[in-house]
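Visitor: I'd like to ask some things about the structure below.
The values are calculated or read from the model by the stated rules, or taken from the named source; none is laboratory data. None of these values were measured; they are calculated from a predicted model. Cβ coordinates were reconstructed from backbone atoms using ideal geometry, including for glycine residues, and neighbour counts include every protein chain displayed. We work out accessible area using only protein heavy atoms, side chains counted, and drop any ligands, DNA or RNA first. Shrake-Rupley method; radii C 1.70, N 1.55, O 1.52, S 1.80 Å.
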Amino acid sequence: MQPHQDSPTLNEDSPDLQIEQWEDPKEQVAPPIKDQERPPRDLNGRLSNYLRKTGMLEERLIEYCLRERTRTGAPLIQVILESSLVEPLPFLQKLAEILGLEFVNLSGQEIPVEVRTVLPTRILFQHQIIPLRDHHGVLVLATQDPFNIDMLDAVRLLCRKRIQLCLAQQEDILQCLRQYYGVGADTLDAMMAENRIDLDALEEDLDKKDLDEVDQEASVMKFVNQIIWEAYQDRATDIHLEPMENDLRIRYRVDGVLHQTPVPPHLKRFQPAIIARIKVMSNMDIAEKRLPQDGRINVRIKGEEIDVRVSTVPTVYGESVSLRLLTRSSVLLGLDMLGLAPRDRRVIEHLIRLPHGIMLVTGPTGSGKSTSLYAYLSTINSIDKRIITVEDPIEYELAGINQIQVRPEIDLTFAVGLRHILRQDPDVIMIGEIRDGETADIAIRAALTGHLVFSTLHTNDSAGAMTRLLDMGIEPFLVASSIEGIIAQRLVRRICPACREPIELDKNLLKRSGFPEDEIDDAVLYHGTGCEKCRKLGFRGRSAIFEILLMTDEVRKLVIERKDASSIKNLALTQGMRTLRDDGWRKMKEGITTLEEVLRVSQEDEDLTLI
């Protein structure tokens, strides 16, 4: 792009926007901005003229925005967009056209390394601008606010170049800053520039007081907060800080898949301070670096309580830290949120209203088992039922339900908690997880004495739960007589609705994958092409697929005979059970998820034929 001869610098002599030749700042002091010496109404008059030309704001709204700008001191564009008076994209495109500036889509923009270092990182984050290219001595900057005089002054004093502005959306600019400079780059830049922290001293053993003093100086606390805030904004469930030989890698798990987060190049230097800060926040021993430790942090983000479970393990290049983010706020969950097929919903509604028995939810870690259990409890929660849970941790707070937190350090385990719950006259009991034979034995005896018990188990499918209980030492007749139903589930990523479109797939592959052959020819399947809303991933959010095994008389007989899981599953299939892959096929046809997602989380014997 040729540098445009107009620049959004407000000059006294002309209502138009002029570009100025700038001399070396060492030889010349920046002249004062004449507009700042005028009465505000002169500047406001010209700004209102630009807004009027867009044709998107009524006169009364223009006056309101200018008053808010004067009252709060906030940038004019920020006032307009945060007030939701216009759609950001059309407004900025129209404004760029009026000012004679280019509007740029930053997606896919390649910024040369030499251009990225022209301005200090803290200035880029402070004013939310990003340099795009150096065009024959003219630095091209992307900004959302072309009227920000303070930004123009700061940029001109820090670089010896002429400035050419172009407009872009703020969220695109922030995404670009994270991509090229990394999370918390402005904080690290300030720490390095001020040089107020002795990094070598942080290798020594520190106590809590020492670290707090360092934090006040070096803003390590701010950087840790930025990591958690970025993860929360990205809907991440886990944060992993992994020391490498020359780097400190940070990865977020979003929708069940790990994504590496760009970090500043010098982050490795601050590794001891960052890890020590996290250990202090989670009440760990920061002097102990040889043994694994566990801790917790309670934070509040946008009024929402977040429980962060922290785990550290020693590795070759330092301590690796994992943070699990759990929302502790009160939420309203129901069966309609789980994405159940109509038939499956009717079956589950029958199971959760039984007077006694056990209903198990199975699946690997992170498959949404706890969320499903909360939905079941919320559905049957009423004034005439006493519901008590024992959990580790309590992920959702449910009104009207008595929830107990497991605390192994004081010997409050699942088994101990469950034994005492039985003396509390419960109607319904929820056990977070059956981990051992003792817990399983108490749960089964509770079901046989007239209680409805919900729990989870780590098995690959529903039939495997039977053999898992037998392996724990439970007698087959107890398993057969107490269990009423087993629900296996997995989470699949949902196709982003903003970029979803039909796709042609190999029909032979679909047939070999075990999908119904009589439905394949007429099915229309979808995928996500990737857009700004889903960050080019093609997915946004998750949904569950289910497999429900009911304990019929025939199934009970196989359990008593100690038959293997495959025999139980084959019998259940002849009785109408639908597998995880069958439910995944339903969600594929409805445009909810993709073939790759269903194959990723489900396992079938037919998979061997795909190799």
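Visitor: For region 465-480, which positions are touching a helix residue (DSSP H, G or I) at 6+ places or on another chain (Cβ under 7 Å) and surrounded by 22 or more Cβ atoms within 10 Å (Cβ to Cβ)?
Guide: Start the filter on region 465-480 by keeping residues that are touching a helix residue (DSSP H, G or I) at 6+ places or on another chain (Cβ under 7 Å), which leaves 466-467, 469-470, 472-474, 476-480.
Selection gives MET466, LEU469, VAL479.
Visitor: Taking the residues in region 102-119 that are free of Cβ contacts under 8 Å to residues at least 40 places away in the same chain and not in a helix (DSSP H, G or I) as candidates, determine which candidate is nearest to LYS536 (Cα to Cα). So that I can check it myself, show each step before the final result.
Guide: Step one: filter region 102-119 for residues free of Cβ contacts under 8 Å to residues at least 40 places away in the same chain, giving 108, 110, 112-115, 117.
Checking the rest, the ones that are also not in a helix (DSSP H, G or I) come to 108, 110, 112, 117.
Values: GLY108: 10, GLU110: 16, PRO112: 22, THR117: 26 Å.
Per the criteria, the residue is GLY108.
Visitor: How many residues are open to solvent by 20 Å² or more (accessible area, probe 1.4 Å), within 29 Å of the chain's Cα centre (by Cα) and under 21 Å from VAL113 (Cβ atoms) if we restrict to region 153-177?
Guide: Just the residues of region 153-177 that are open to solvent by 20 Å² or more (accessible area, probe 1.4 Å), to begin with: 153-154, 157-158, 160-162, 169-171, 174-175.
This time we only want the ones that are within 29 Å of the chain's Cα centre (by Cα), so: 169-171, 174-175.
From what's left, under 21 Å from VAL113 (Cβ atoms): 174-175.
Qualifying residue count for the region: 2.
Visitor: Okay, next question. Would you check which residues across region 238-261 are outside any strand (DSSP E or B) and over 20 Å from PHE539 (Cα atoms) and list them?
Guide: Initially, region 238-261 is screened for residues outside any strand (DSSP E or B), giving 244-247, 255-256.
Hits for region 238-261 are MET244, GLU245, ASN246, ASP247.
Visitor: Output the residues belonging to region 481-502 that are part of a loop (DSSP other than H, G, I, E, B) and open to solvent by 60 Å² or more (accessible area, probe 1.4 Å). Steps first, answer last, please.
Guide: Quick first cut of region 481-502, residues part of a loop (DSSP other than H, G, I, E, B) only: 496-499.
Across region 481-502, the qualifying residues are PRO497, ALA498.
Visitor: Assuming GLN2 fulfils every condition listed in (1) closer than 20 Å to ILE163 by Cβ; (2) polar (S, T, N, Q); (3) modelled with pLDDT of 80 or more apart from one, which condition is it?
Guide: (3)
Visitor: Take region 120-152 and flag every residue that is open to solvent by 10 Å² or more (accessible area, probe 1.4 Å), part of a loop (DSSP other than H, G, I, E, B) and within 29 Å of PHE223 (Cα to Cα). Reasoning before the result, please.
Guide: First pass over region 120-152, keeping only residues open to solvent by 10 Å² or more (accessible area, probe 1.4 Å): 120-123, 125-128, 133-137, 144-145, 147-150.
From the residues that got through so far, the ones that are part of a loop (DSSP other than H, G, I, E, B) too are 120, 128, 136-137, 144-145, 147-148.
Residues satisfying the conditions are PRO120, GLN128, GLN144, ASP145, ASN148.
Visitor: Would you check if GLU68 is open to solvent by 70 Å² or more (accessible area, probe 1.4 Å) and modelled with pLDDT of 80 or more? Full working, then the answer.
Guide: Values: open to solvent by 70 Å² or more (accessible area, probe 1.4 Å): no; modelled with pLDDT of 80 or more: yes.
So GLU68 does not fit the description; no.
Visitor: Name the strands (runs of 3 or more DSSP E) wholly within region 302-411 that hold at least 3 residues that are modelled with pLDDT of 85 or more and open to solvent by less than 10 Å² (accessible area, probe 1.4 Å)? Write out each step before concluding.
Guide: Working: elements: 304-315, 318-327, 357-362, 387-391, 402-405.
Qualifying strands (runs of 3 or more DSSP E): 304-315, 357-362, 387-391.
Visitor: Does region 555-569 hold any residues that are open to solvent by 50 Å² or more (accessible area, probe 1.4 Å) and either closer than 19 Å to GLY363 by Cα or assigned to a loop (DSSP other than H, G, I, E, B) (or both), and which are they?
Guide: GLU561, ARG562, LYS563, ASP564, SER566, listed by residue number.
Visitor: Which ones in region 248-277 are modelled with pLDDT of 85 or more, more than 29 Å from ARG493 (Cβ to Cβ) and not charged (D, E, K, R)?
Guide: Correct list: GLN271, PRO272, ALA273, ILE274, ILE275, ALA276.
Visitor: Sticking with this structure for a sec: LEU537 - would you say it is closer than 18 Å to VAL361 by Cβ and either outside any helix (DSSP H, G or I) or not aromatic (Phe, Trp, Tyr) (or both)?
Guide: Criteria not met by LEU537.
Visitor: Pairs only if they're at least six apart or on different chains, beta carbon under 6 angstrom, first in region 379-395 and within 17 Å of LEU333 (Cα to Cα), second part of a helix (DSSP H, G or I) and hydroxyl-bearing (Ser, Thr, Tyr); list them, first residue then second.
Guide: So the pair list comes out as GLU395/SER370.
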